[in-house]
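The values are calculated or read from the model by the stated rules, or taken from the named source; none is laboratory data. This is a predicted model, so every value here is computed, not measured. Cβ coordinates were reconstructed from backbone atoms using ideal geometry, including for glycine residues, and neighbour counts include every protein chain displayed. Side chains included, ligands, DNA and RNA excluded: accessible areas come from the protein's heavy atoms. Shrake-Rupley method; radii C 1.70, N 1.55, O 1.52, S 1.80 Å.
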Amino acid sequence: MSLKMDKSKELFEEAKKYLVGGVNSPVRYFKPYPFFVKKAKDCYLYDVDGNCYIDYCLAYGPMVLGHANEKIVEAVKKQLELGSAYGCPTEKEIILAKEVVKRVPCAEMVRFVNSGTEATMSAIRLARGVTGRKKIIKFDGAYHGAHDYVLVKSGSGALTHGHPNSPGIPEETTKNTILVPFNDEDAVKRAINENKDEIACVIVEPVMGNVGCILPKEGYLKFLREIAEENDILLIFDEVITGFRLAKGGAQEYFDVVPDIATLGKILGGGFPIGAIVGKREIMENFSPLGAIYQAGTFNGNPISITAGIATLEQLDDKFYKETSRTAKILADALRELADKYNIKAKVYNIASMFQIYFNDKDVVNYEIAKQSDVNKFMKYFWGLLERGVFVPPSQFECCFTSIKHDDEVIDKTINAMEDVFRSLE
Ligand code: PLP
């Protein structure tokens, strides 16, 4: 390894004594050890050995305004002086909820929670409670967080580390989770026919961002909307990644398909922990205290996260969407050209600020095909980039993101690094 990572190695050895695997989330581990971060600013991460990386992981999505955004820092500092948790409602929760309702088409009401995991867990409970049905449809390779209902054939770190079905989850819990391949209409029709009047919801990542970047086929999300409606099934869009990213109103605005419920997270908290369940009023009002479906949290609507969320949404203007989409497209186009030039079998996908390359000659339309990609080559590509000062998520089964701070100079540097790496991949 040409990178100097002595201090990171030392810290990793120490971390392993106290933290399982040396990390607090499996996606952060890669062989032989990850770099340890000292600070971050704009589109850069700085590690403890003095290396600086252009960051396309962006904390797995949230940091779309770049790290340590001045307006967020200022707002959070002020809020810190006023207290960080009250266990009582605040005016700021209303301000952020109003912003969410204004932007997100399906959102008539909001419940703030602390993570995407909590959001999907509660959204599924809500769907089950409202319909009185137990079964849910989930897509192979989709990741909806680390809770029991959905950790089957899961993407992200579960897949990266070879455990898409986690032990410790009783089969009684997941027997009601029906798995279907993404982008396959017949599979959904079959699942619904075989489980007539038993399915509470279909939960879908409108763009699959946890097995790389898999786009929905033309009309697929509309098909899901229609078939759900015909069968009194609730449609949940898990927009933890796509929310506020594909458009101001997320994937539902971008694709013009309005779900019954959506889950949000990541960008919404401006780099602080958050999640949200949003949906139509008549559905949302089933949550306690109005309804009987229990949902609660000591830190729900935490004033620090809410403050950061307000300061974030304020900055997501038209220019933000134009620029982050433009730079991600330049990178995706460059990757395609480089693959062609150096005769490397690859497929590259991009939408708005999301992009990913698969070392695969088939069109990647679902989990099974994504899994056939050359993951060893991907890790060579990852290390090649890292050694040249570019950090992409360390797995074929994650997605890259651009932020507003990735300007043309940064993009050019990245493409030069990519070309250098492709030369060595031949
Ligand atoms: N849903 C999707 C689509 C995600 O990408 C993630 C996390 O990556 C989650 C849910 C879980 O969110 P969190 O990690 O905040 O619990």
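Could you list all residues from the range 206-235 that are touching a residue at least 40 places away in the same chain (Cβ under 8 Å), within 16 Å of the ligand (Cβ to nearest atom) and either over 30 Å from Val375 (Cβ atoms) or open to solvent by 10 Å² or more (accessible area, probe 1.4 Å) (or both)?
Asn210, Leu215
For the range 76-97, how many residues are among the small types (Gly, Ala, Ser) and either in a helix (DSSP H, G or I) or surrounded by 11 or more Cβ atoms within 10 Å (Cβ to Cβ) (or both)? Walk me through how you get there before you give the answer.
The first filter runs over the range 76-97 and keeps only residues among the small types (Gly, Ala, Ser), leaving 83-85, 87, 97.
Subsequent filtering for residues that are either in a helix (DSSP H, G or I) or surrounded by 11 or more Cβ atoms within 10 Å (Cβ to Cβ) (or both) retains 84-85, 97.
The total comes to 3.
Any idea which of Val100, Val27, Val73 is out of contact with any Phe, Trp or Tyr (no Cβ under 7 Å at 6 or more places or on another chain), open to solvent by less than 40 Å² (accessible area, probe 1.4 Å) and assigned to a helix (DSSP H, G or I)?
Numbers: Val27 fails: out of contact with any Phe, Trp or Tyr (no Cβ under 7 Å at 6 or more places or on another chain); Val73 fails: open to solvent by less than 40 Å² (accessible area, probe 1.4 Å).
Criteria check complete, one pass: Val100.
Taking Asp361 as the residue in question, decide whether it is closer than 19 Å to Ala417 by Cα, assigned by TED's automatic domain parsing to the domain that holds Ser373 and either of a type in the set (D, E, K, R) or open to solvent by 10 Å² or more (accessible area, probe 1.4 Å) (or both).
no
Between a residue in the range 76-100 that is in the same structural domain as Gly297 (by TED's automatic domain parsing) and under 15 Å from Gly270 (Cα atoms) and any residue that is among the small types (Gly, Ala, Ser) and open to solvent by less than 30 Å² (accessible area, probe 1.4 Å), which pairs come within a Cβ distance under 6 Å, given they are 6 or more apart or on different chains?
Once the first residue is in the same structural domain as Gly297 (by TED's automatic domain parsing) and under 15 Å from Gly270 (Cα atoms) and sits in the range 76-100, its partners that are among the small types (Gly, Ala, Ser) and open to solvent by less than 30 Å² (accessible area, probe 1.4 Å) give Val76/Ala308; Glu93/Gly301; Leu96/Gly309; Val100/Ala107.
Go over the candidates Ser325, Ser288 one by one and state the one that is open to solvent by 10 Å² or more (accessible area, probe 1.4 Å), assigned by TED's automatic domain parsing to the domain that holds Lys78 and small (Gly, Ala, Ser). Give the steps one after another, and end with the answer.
Numbers: Ser325 fails: assigned by TED's automatic domain parsing to the domain that holds Lys78.
Of Ser325, Ser288, the one residue that is open to solvent by 10 Å² or more (accessible area, probe 1.4 Å), assigned by TED's automatic domain parsing to the domain that holds Lys78 and small (Gly, Ala, Ser) is Ser288.
Any idea how many residues of the range 118-142 are within 16 Å of the ligand (Cβ to nearest atom) and either open to solvent by 60 Å² or more (accessible area, probe 1.4 Å) or hydrophobic (A, V, I, L, M, F, W, C) (or both)?
Narrowing the range 118-142 to residues within 16 Å of the ligand (Cβ to nearest atom): 118-127, 136-142.
Going one step further and asking which of them are either open to solvent by 60 Å² or more (accessible area, probe 1.4 Å) or hydrophobic (A, V, I, L, M, F, W, C) (or both), we end up with 119, 121, 123-127, 136-137, 139, 142.
Result for the range 118-142: 11.
If a residue has to be within 26 Å of Thr117 (Cβ to Cβ) and in contact with a strand residue (DSSP E or B) (Cβ under 8 Å, 6 or more places away or on another chain) to count, how many in the range 188-213 make the cut? I'd like the intermediate steps shown before the answer.
Initially, the range 188-213 is screened for residues within 26 Å of Thr117 (Cβ to Cβ), giving 188, 191, 195, 198-213.
Cutting the leftovers down to in contact with a strand residue (DSSP E or B) (Cβ under 8 Å, 6 or more places away or on another chain) gives us 188, 191, 195, 198-209, 212-213.
Selection size over the range 188-213: 17.
Filter the range 41-61 down to the residues that are in a strand (DSSP E or B) and either open to solvent by less than 30 Å² (accessible area, probe 1.4 Å) or in the same structural domain as Gly145 (by TED's automatic domain parsing) (or both) and list them by number. So that I can check it myself, show each step before the final result.
At the first step, the residues of the range 41-61 found to be in a strand (DSSP E or B) are 41-42, 44-47, 52-55.
Leu45, Asp47, Tyr53, Ile54, Asp55 - these are the residues of the range 41-61 that are in a strand (DSSP E or B) and either open to solvent by less than 30 Å² (accessible area, probe 1.4 Å) or in the same structural domain as Gly145 (by TED's automatic domain parsing) (or both).
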